[in-house]
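A quick write-up on the structure given underneath.
The values are calculated or read from the model by the stated rules, or taken from the named source; none is laboratory data. Computed from a prediction, not measured in an experiment: that's the story for all the values here. Every residue, glycine as well, gets a Cβ built from its backbone with ideal geometry; the counts of neighbours run over all protein chains shown.
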């Protein structure tokens, strides 16, 4: 593992066997465990734990106090808010070892997960979905969906720039920041421009 292509604070612990992409920054008291893959230009805040075998794509932003457990894959441009947490066992017990039963969780490109949210293992969060602060996600989330609450419920749609989409009677919406246009068809959102 070479350190010349990425930055790590002197208090960070990086175990052998990790792959860390160029331009990635790893801050205070963060622990990167063996066999992790971190893409280019990621930013991992203070007191982050990345368990063995986790995969983070390029440009993933991980805020302070986040736990990313074995079985989690985050594609490019994912945002993980402060103190959010993933799980990786459906039925954990202290006295029962289930390390061979970790369940995969997939976070698709551009999704954002808010502060203090919890993502229960075994689900897929769709591209550009937006999980509100404190939400508890227990089932798959479609692309562009806005989810809030415990358990998380679908309350709307978000643009790729993170703006609430308001669809007209023809099922069309435009992002106020980017001008990108979207269509709502069969309770699914697609970008059309």
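Among the residues in the range 131-144, are any over 25 Å from residue 57 (Cβ atoms), more than 11 Å from the chain's Cα centre (by Cα) and not in a loop (DSSP other than H, G, I, E, B)? Among the residues of the range 131-144, not one is over 25 Å from residue 57 (Cβ atoms), more than 11 Å from the chain's Cα centre (by Cα) and not in a loop (DSSP other than H, G, I, E, B), which makes the answer no.
Table: residues versus (1) under 20 Å from residue 126 (Cα atoms); (2) in the same structural domain as residue 109 (by TED's automatic domain parsing); (3) in a loop (DSSP other than H, G, I, E, B); (4) in contact with a helix residue (DSSP H, G or I) (Cβ under 8 Å, 6 or more places away or on another chain).
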{"site": "11", "(1), (2), (3), (4)": "no, yes, yes, no"}
{"site": "29", "(1), (2), (3), (4)": "no, yes, yes, no"}
{"site": "35", "(1), (2), (3), (4)": "no, yes, yes, no"}
{"site": "41", "(1), (2), (3), (4)": "no, yes, yes, no"}
{"site": "64", "(1), (2), (3), (4)": "no, yes, yes, no"}
{"site": "73", "(1), (2), (3), (4)": "yes, yes, no, no"}
{"site": "76", "(1), (2), (3), (4)": "yes, yes, yes, no"}
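It is to be established whether one or more residues within the range 78-89 are in contact with a helix residue (DSSP H, G or I) (Cβ under 8 Å, 6 or more places away or on another chain) and either buried (at least 18 other Cβ atoms within 10 Å of the Cβ) or farther than 20 Å from residue 161 by Cβ (or both). Scanning the range 78-89, I find at least one residue that is in contact with a helix residue (DSSP H, G or I) (Cβ under 8 Å, 6 or more places away or on another chain) and either buried (at least 18 other Cβ atoms within 10 Å of the Cβ) or farther than 20 Å from residue 161 by Cβ (or both), so the answer is yes. If you filter the range 161-193 down to residues that are in contact with a strand residue (DSSP E or B) (Cβ under 7 Å, 6 or more places away or on another chain) and in a loop (DSSP other than H, G, I, E, B), you find that the one that is modelled with the lowest pLDDT is 193.
Selection of the range 9-39 for residues being touching a strand residue (DSSP E or B) at 6+ places or on another chain (Cβ under 9 Å), surrounded by fewer than 18 Cβ atoms within 10 Å (Cβ to Cβ) and under 24 Å from residue 110 (Cβ atoms) yields 19, 23, 25, 37.
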